[in-house]
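Every number in this text was worked out from the coordinates using simple rules, so none of it is lab data. This structure is a prediction, so every number in the text was calculated from the model and none was measured. Methodologically, a virtual Cβ is constructed for each residue, glycine included, from the backbone with ideal geometry; neighbour enumeration extends over all protein chains shown.
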Amino acid sequence: MAQSPSLRWLFTRLPVDPDAPTRPGAPPLPLAVSALLVAAGGVVGSLGRAWIAVALPHRPAGWPWSTVIVNVVGSGLLAFFLVILVERFPAARAPRPLIGIGVLGGFTTFSTFAVDVVQLAHHGRAGVAGLYVLVTLAGTGAAAVVGLFAARASERLWDRPRWSRRVNHALTSDSEATES
């Protein structure tokens, strides 16, 4: 099965382990600094998740919209920010634990998702619990792909040399067309 060039471009440029010691740039952050960044980001992310849970409450047997929303949005944001941080700021060590693990790790929630599934099944709504699992998995996967595409599009927009080459080419093409 042949892979399309756009999908290959989307996924093959992702690093396997961007924190590996062989990665060029600054040395890894000390563990204490990383832990503080994760904790600070976790507070912010958890407060955001709690705000959404209060704004969109649900009964134990009801559809857990707040959990679906935070997990889908968090998945898309994580894909977007990790691509931007790794490719645009490869030497910056602090934003990854702060944003990726702290803020978005605190914002998204697998534990609440699991509790919601159990509560739905416990209240005799096993079909709804199964649908909830499928919707969450499909939504988070789709959001991650959208986040990757958005990050790639942002990278192309931020690539000034590329734009200046296109403008120069267009200006050169226009002047050649008028001379002929």
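Some points to look at:
- Residues being under 13 Å from T67 (Cα atoms) and in a helix (DSSP H, G or I) - total across the stretch 107-128: 9
- Selection within the stretch 74-98 - in a helix (DSSP H, G or I), of a type in the set (A, V, I, L, M, F, W, C) and closer than 18 Å to S154 by Cα: L77, L78, A79, F80, F81, L82, V83, I84, L85, V86
- Residue match in the stretch 63-83 (condition: more than 24 Å from A150 (Cβ to Cβ) and crowded, with 18+ Cβ neighbours inside 10 Å): yes
- Answer residue from the stretch 87-108, given it is small (G, A, S) and within 17 Å of A143 (Cα to Cα) and is farthest from the chain's Cα centre (by Cα) among those: G105
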